[in-house]
Protein chains: 2
Amino acid sequence: MTVELGKFFYPKSIAVIGASSKQGTLGYELLGNLIKFGYNGKLFPVNPKADAIHSIKSYKSITEIKDEVDLAVIMLAKHLVLQAIDDCGKKKIKSVIVITAGFKESGEEGVKLEKDLISKVKKYGMRLVGPNCMGIINTKGDVMMNGTFIKGTPVAGGIGFVSQSGALGAAVLKIIEKYDIGFSQFVSIGNKADVDENDLIEYWRDNPDVSVITAYLESFSDVRRFLEVSKSVTKSKPVIAIKAAKTSAGMKAASSHTGALASADTVAQTLFEQSGVIRVDSVEDMFNLAKAFDRAKLPSGRRLAVLTNAGGPAILTVDEAARCGLEVPDLSEKTKKRLREIVLPEASVNNPVDLLPPATAEVYGKAAEIILQDENVDAGVLILGPPLMFDTVEITKQICDAANKSGKCAIVVVMSQDEIIAEVAKQMPQHPPLFNSAEKAAWVIGEMYKYKLWREKPHGKIKTFNTNTKGVKAILNKQKKGEYYLDFDKVCEILNHYKLPIIETRISKNVQQSIYDANKIGFPVAAKVFGRELVHKSDVGGVALNIQDEEELINTESRIIAGLKEKGIESKLEGFIIQPFTKIEDGVETILGAVKDEKAGHLLMFGLGGIFVEVFKDVKFKIAPLSDIDARDKITSIRSYEILKGVRGKKAVDVEFLAECILKLSKLVTDFPEFTEIDLNPFVISHNWKKSKILDARMKVLIR
Amino acid sequence: MTVELGKFFYPKSIAVIGASSKQGTLGYELLGNLIKFGYNGKLFPVNPKADAIHSIKSYKSITEIKDEVDLAVIMLAKHLVLQAIDDCGKKKIKSVIVITAGFKESGEEGVKLEKDLISKVKKYGMRLVGPNCMGIINTKGDVMMNGTFIKGTPVAGGIGFVSQSGALGAAVLKIIEKYDIGFSQFVSIGNKADVDENDLIEYWRDNPDVSVITAYLESFSDVRRFLEVSKSVTKSKPVIAIKAAKTSAGMKAASSHTGALASADTVAQTLFEQSGVIRVDSVEDMFNLAKAFDRAKLPSGRRLAVLTNAGGPAILTVDEAARCGLEVPDLSEKTKKRLREIVLPEASVNNPVDLLPPATAEVYGKAAEIILQDENVDAGVLILGPPLMFDTVEITKQICDAANKSGKCAIVVVMSQDEIIAEVAKQMPQHPPLFNSAEKAAWVIGEMYKYKLWREKPHGKIKTFNTNTKGVKAILNKQKKGEYYLDFDKVCEILNHYKLPIIETRISKNVQQSIYDANKIGFPVAAKVFGRELVHKSDVGGVALNIQDEEELINTESRIIAGLKEKGIESKLEGFIIQPFTKIEDGVETILGAVKDEKAGHLLMFGLGGIFVEVFKDVKFKIAPLSDIDARDKITSIRSYEILKGVRGKKAVDVEFLAECILKLSKLVTDFPEFTEIDLNPFVISHNWKKSKILDARMKVLIR
């Protein structure tokens, strides 16, 4: 899908509909911001009552404007908005921002108004940002558009930022001045009636002015498209997002194990992991990271050097680096020798290198250069502690210079001195990321390294299998309408059609047939009651394991029947399930499942069974369809993966076979959206795939 | 122990030895800071070459001063320091700060110099802060002492701060101006040659000028004293600490399970947990929390109300509150009704209450008041989003006023507008904590609530048991010198002396005796090789379980002996251990152990055995001796505690008995410091204490 959003960001002319000459109104502030920031195009204020606003000729109506208009910004009272859209339509304006609030967010009447707005926008073939938003910014030199009514001056840089919350957007624009965060483009998307986060992420993917994409989201407009679009972006451009409202109402109550383990936040978490979007929890973290992506190279490895003039901050940096998966390696002998030649005799030339407080600008710059040249070093955190009596700006500039020259990932930390950061940023437009916290710098480099690994990791392939799709289709076609569990015999058939290793299962109508089945399967066997209304077999005493011979089988089935009679549910018995008796000790008990989310589609779950899932909830979800790499990841990323590799003398299980089963289940739910919940539990996986068996399975379908 | 530190913080006169009239020197800056900050006492600069410094009469030598001197600050070159101490001694000065560096931190010669310094200080009965430090601050109105050479002006408040890193201390003093963090007393302790963190924490415990204690530590001077002192403080005053250098070299390599699980950071982590000290990882977190403790009431419960004029920040706050264990409850109908009377019709009166951007100062203040009066609400985060066109200072003041009046825990968040925070703080000296991030405010209230729970929790009692201490003493007295494992028969005797339920164990010298023992115990039995050099019994095929009768026992022992012969280690066999055969399935396999840290003493460990300890490392450490409450906590705080409560149809284990065993082990290692490592593994604990048995045990001792 191509999105035509260019005119929102690079308009040659803008009509400000609802511009006002009254100080303090949105219409006054927004037009004023456009002028103050130095918009490089033509502005057309529209106001029926004014001749000129902010010294610019004003028009009574949009249609009066003779020039072509690329973009309209509407700030009228809500009952006037639809008329303005009509006027824009007549004027053939294709890009419209509606700032006005009072739509979907404000009750029933607003919902209707927004619907009308959308249909008008569709009718004219327009794209719409808003309503209920704060506007758009593009700091690019030949555009210089601040089309918002927010106070403060945007700073230019490479960050693209889409915000679903106007207030957060505004808050961010307040802090950028102080923390040297440079925006390329900013959009407040408000109610997302038309243009949404997916449109913007896709648009920015191919926009060279944007080097890193950031997003604050409260909801996903379209989960599947987010996955698809983000995956296409993150391999070349980092995307960082906050997804708020984690604790909102979750998925609808689910009866399967898999469904019960999917929390309200599972979709978002899975979505981010699978698309390579870096999730953060705070605005500070988002922009610290974005600033580094924008201004520094990606680290080529995990080895971090730390330069400091004070021990304390360096120690905290090393602690944080270790926590974030980085190493703080020994420097090479050559580097140490070179350092010794320039530093004070008491200084430490080991990593972290401590120049001690008296270090001068020259020594600092030279030391930074030497350290970053070390072949054992992939990235650097260069810390300047609070100064005592030197010119901090000069020292910082020397360090920045060394960082720039190095060609490596480096962050310069000026501790607790935001005014120095602002000053250096002003004097030195091409500077490395400047931080005021050394721990944050270490965390950021850790995240950058993880992103680098993600970039290098192949997406993998969606594998195809020789499955009997027609067979499953035939079964589902015969099912009645509604949402319910399939009969166990159908479940077995479906699993067999997809070559998922359900244990050999025979369903016998009576004791004679049970004996026949048991002999066919071979003793010892397990016998379980079979019946549409006997879903919870154990609860009615309907499960018997390790039956050694015919006599025991006859006795067992008689006892079970007597038990059902006692409970008065004998009539629900439709027969017996006869299966080989398998000892779980031969393998590891796992659980494999799927649950359908209305918006995200099927989520596949894998984890170790029994106590691991019950107590530790140690499971991993992925959105189907899964690639081969996804399936592998799913297995290796659970905490108890070590158990699959073999502990306490057990052999490692056949992970390849397990991955294949996950992919087959992924294919099954992708082929048949009818499945709403599937539990393969327990799935006993052994070192030998032939011994790996699904011992029980449940499938819920929704047939419309 | 009483510490006499009063003269460091409340001196009536100070000698500045090494004061200088040369701008840019430490001696110039420190004296200048004392004067500029308005020290309420007499200053005596000492400098052999100057007549007056900073317009104050200067003395050639300390001894020349006629007045009494309470405190001396020494900033001389290091070779002059000892002479200065002698002079101070003559002058009977009892409190000395040595700023000068070049002692222990700078190599061998410095170590010697520091030793000499300490012995002189001891000789004169002085107390010493430093050397290699940045000085002391006390902002108290009748003292007004800034005895540091750090730039910037301290702000008064209730926080006490001890920093082992001078640079971090200086960095913090830079940020306080901006973030409204008020210090009462600050000490840079440098090399901690005499006065250390424990002295200060103890001193501040009883100092009414300090409401909350903060510490940045790189090492503990005395772990046991830290535990004791902190425990005595945290029940009345919060202590917040950063312990850096987590990744430094750990404990010496240990061969026991327990030892291997104790990481480099285990001592620090255990120490903080057990003493109620709140551990944080960053300076920002430390002072955000300290500021809230200093300026807000403790929340009486976990129910948080959020007030906002913008949705986004409120959602992030609710997410963070949930993560931190807080609830965001429904407001009472009465509160909602009262709110509806004052807010805009479109505003939301549910929690979070959203007043929308047009909310005025009056409405904001009134709404804050109403919300905090709700009986469903224990604490509030009151957020003011970035303003569009109102007087933010006025709104903030109204909110602060409501928070002050409420008598409840409340934090006021002015998003991204530090200048407003500074202005409000200036205009309104008695203000609630002012934050610039709403998520941080939620986190802080979560921590305050946890602290409140800690405060209310009893320490518990050290229980005594009727143990046979003499019996153990007799065994240990007979042991040879060195560090080694005790023989298994001795281990069993010791456990029996302390009524720790080691499985019934008989050690037989030959097959005949084994048969006798097995019959005494009753079949089925387990047989294991016994021998000083056969520590790893399984590795030599020396363990046989579930032996049914005499014949099987004879065959088994013969087979084991044959196996040892084959390996050529037959001579190491000293006999057989005969025990009842117990099925682990009857209970839960746990591990109970102890390991001795040189500084901290014995750490006791508890966790679930087998896979849980191997894969999840799900264990808990505590420093001995443990109180009954400690033992309970130890059990309930492991992640797999649910398993002990009974899962999958199993009964809950006898937790009381388990706690008793932990306490007995605690008593054993407290009674006998000779033990360096103890593993009781597996300790199978059942629902019936009589069936709960230690199946194997190892004890290492160090006999000097």
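Quick one: would you say A:Val129 is away from chain B (no Cβ under 14 Å) and surrounded by 19 or more Cβ atoms within 10 Å (Cβ to Cβ)? So A:Val129 passes the test. Considered as a group, the residues in the range B:287-296 that are hydrophobic (A, V, I, L, M, F, W, C) and at pLDDT 95 or above include one that is surrounded by the most Cβ atoms within 10 Å (Cβ to Cβ), and that residue is B:Ala290. Which members of the range A:621-654 meet the condition of being in a helix (DSSP H, G or I) and under 13 Å from A:Glu589 (Cα atoms)? Passing the criteria: A:Tyr641, A:Ile643, A:Leu644. Selection of the range A:459-479 for residues being touching a residue at least 40 places away in the same chain (Cβ under 8 Å), more than 23 Å from A:Ala659 (Cβ to Cβ) and open to solvent by 50 Å² or more (accessible area, probe 1.4 Å) yields only A:Lys473.
The residues on offer are A:Ile547, A:Ile611, and the sole one that is at pLDDT below 85, β-branched (Val, Ile, Thr) and in contact with a helix residue (DSSP H, G or I) (Cβ under 8 Å, 6 or more places away or on another chain) is A:Ile611.
Mind counting the residues in the range B:315-333 that are more than 12 Å from B:Asn350 (Cα to Cα) and not in a loop (DSSP other than H, G, I, E, B)? Give the derivation first.
Going through the range B:315-333, the residues more than 12 Å from B:Asn350 (Cα to Cα) turn out to be B:315-327.
Cutting the leftovers down to not in a loop (DSSP other than H, G, I, E, B) gives us B:315-323, B:327.
Total satisfying the criteria: 10.
Residues in the range A:480-504 that are outside any helix (DSSP H, G or I), within 21 Å of A:Ile662 (Cα to Cα) and not aromatic (Phe, Trp, Tyr): A:Leu486, A:Lys499, A:Leu500, A:Pro501, A:Ile502, A:Ile503, A:Glu504.
For the range A:371-400, a residue qualifies if it is away from chain B (no Cβ under 14 Å), over 20 Å from A:Arg338 (Cα atoms) and surrounded by fewer than 24 Cβ atoms within 10 Å (Cβ to Cβ), and the qualifying residues are A:Val393, A:Glu394, A:Lys397.
Consider the range A:156-182 and keep the residues that are at the interface with chain B (Cβ under 9 Å from one of its Cβ atoms) and surrounded by fewer than 22 Cβ atoms within 10 Å (Cβ to Cβ). The one that is farthest from A:Glu419 (Cα to Cα) is A:Lys174. Note on the range A:297-318: residues that are open to solvent by 20 Å² or more (accessible area, probe 1.4 Å) and either in contact with a Pro (Cβ under 7 Å, 6 or more places away or on another chain) or within 14 Å of another protein chain (Cβ to nearest Cβ) (or both) amount to 4. Determine whether B:Lys336 is assigned to a loop (DSSP other than H, G, I, E, B) and basic (Lys, Arg). So B:Lys336 fails the test. Based on this model, can you work out whether B:Gly563 counts as open to solvent by less than 50 Å² (accessible area, probe 1.4 Å), under 50 Å from the mean Cα position of the chain (by Cα) and not hydrophobic (A, V, I, L, M, F, W, C)? For B:Gly563, the condition - open to solvent by less than 50 Å² (accessible area, probe 1.4 Å), under 50 Å from the mean Cα position of the chain (by Cα) and not hydrophobic (A, V, I, L, M, F, W, C) - is not met.
Could you pull out the residue among B:Ala410, B:Ala422, B:Ala403, B:Ala368 that is open to solvent by 40 Å² or more (accessible area, probe 1.4 Å), within 26 Å of B:Asn288 (Cα to Cα) and either among the aliphatic types (A, V, I, L, M) or part of a loop (DSSP other than H, G, I, E, B) (or both)? Selected residue: B:Ala422, the only one of B:Ala410, B:Ala422, B:Ala403, B:Ala368 that is open to solvent by 40 Å² or more (accessible area, probe 1.4 Å), within 26 Å of B:Asn288 (Cα to Cα) and either among the aliphatic types (A, V, I, L, M) or part of a loop (DSSP other than H, G, I, E, B) (or both). Summed over the range A:668-678, residues that are open to solvent by less than 10 Å² (accessible area, probe 1.4 Å) and part of a strand (DSSP E or B) total 2.
For the range A:321-336, the condition of being open to solvent by less than 10 Å² (accessible area, probe 1.4 Å), within 11 Å of chain B (Cβ to nearest Cβ) and within 24 Å of B:Ala167 (Cβ to Cβ) holds for at least one residue.
When A:Lys104 is tested against (1) over 27 Å from A:Glu423 (Cα atoms); (2) open to solvent by less than 10 Å² (accessible area, probe 1.4 Å); (3) in contact (Cβ under 8 Å) with a residue 60 or more places away in the chain; (4) touching a Gly at 6+ places or on another chain (Cβ under 6 Å), exactly one condition is not met: (2). Looking only at residues that are open to solvent by less than 10 Å² (accessible area, probe 1.4 Å) and within 14 Å of chain B (Cβ to nearest Cβ) in the range A:348-365, which one is farthest from B:Lys151 (Cα to Cα)? Taking the candidates together, the pick is A:Leu355. Entry remark, the range B:559-580: residues being closer than 23 Å to B:Asp489 by Cβ and either outside any loop (DSSP other than H, G, I, E, B) or of a type in the set (Gly, Ala, Ser) (or both) number 13 in total. Taking the range A:513-536 as the range and being within 20 Å of A:Gly568 (Cβ to Cβ) and open to solvent by 70 Å² or more (accessible area, probe 1.4 Å) as the test, the residues that pass are A:Arg532, A:Glu533, A:His536.
Per the listing B:Gly609, B:Gly649, the residue uniquely in contact (Cβ under 8 Å) with a residue 12 or more places away in the chain and of a type outside the set (A, V, I, L, M) is B:Gly609. For the range B:498-509, indicate whether the set of residues that are open to solvent by 30 Å² or more (accessible area, probe 1.4 Å), closer than 25 Å to B:Lys700 by Cβ, at pLDDT 95 or above and under 49 Å from the mean Cα position of the chain (by Cα) is non-empty. Yes: the range B:498-509 contains one or more residues that are open to solvent by 30 Å² or more (accessible area, probe 1.4 Å), closer than 25 Å to B:Lys700 by Cβ, at pLDDT 95 or above and under 49 Å from the mean Cα position of the chain (by Cα).
What about B:Val343, is it buried (at least 19 other Cβ atoms within 10 Å of the Cβ), within 12 Å of chain A (Cβ to nearest Cβ), touching a helix residue (DSSP H, G or I) at 6+ places or on another chain (Cβ under 9 Å) and modelled with pLDDT under 95? No; evaluated as a whole, the condition is false for this residue. Of all residues in the range A:665-698, exactly one satisfies the criterion of being closer than 21 Å to A:Lys470 by Cβ and in contact with an Asp or Glu (Cβ under 7 Å, 6 or more places away or on another chain), namely A:Ala697. For the subset of the range B:346-375 comprising residues that are modelled with pLDDT under 95 and among the polar types (S, T, N, Q), which member is farthest from B:Gly301 (Cα to Cα)? Residue satisfying both the conditions and the ranking: B:Thr360. Of all the numbered requirements in (1) modelled with pLDDT of 95 or more; (2) not in a helix (DSSP H, G or I); (3) not aliphatic (A, V, I, L, M), A:Tyr449 misses one, and that requirement is (2). Assessment of the range B:583-592 against the conditions (touching a strand residue (DSSP E or B) at 6+ places or on another chain (Cβ under 9 Å) and without any contact (Cβ under 8 Å) to a residue 60 or more places away in the chain) yields at least one matching residue.
Here is a yes/no grid of residues against (1) within 14 Å of chain B (Cβ to nearest Cβ); (2) closer than 25 Å to A:Leu372 by Cα; (3) among the charged types (D, E, K, R); (4) surrounded by 22 or more Cβ atoms within 10 Å (Cβ to Cβ):
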residue: A:Val414; (1), (2), (3), (4): yes, yes, no, yes
residue: A:Lys426; (1), (2), (3), (4): no, yes, yes, no
residue: A:Pro429; (1), (2), (3), (4): no, yes, no, no
residue: A:Leu434; (1), (2), (3), (4): no, yes, no, yes
residue: A:Arg455; (1), (2), (3), (4): no, yes, yes, no
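Here the range A:592-629 is the region considered, the condition is being within 14 Å of chain B (Cβ to nearest Cβ) and of a type in the set (A, V, I, L, M), and the residue that is most open to solvent (accessible area, probe 1.4 Å) is A:Ile611.
The values are calculated or read from the model by the stated rules, or taken from the named source; none is laboratory data. Just so we're clear, the structure is a prediction, and the values are computed from it rather than from any experiment. Using ideal geometry, Cβ is built from the backbone for each residue, glycine included, and neighbour counts are taken over all protein chains shown. SASA here: full protein model, heavy atoms, side chains in, ligands and nucleic acids out. Shrake-Rupley method; radii C 1.70, N 1.55, O 1.52, S 1.80 Å.
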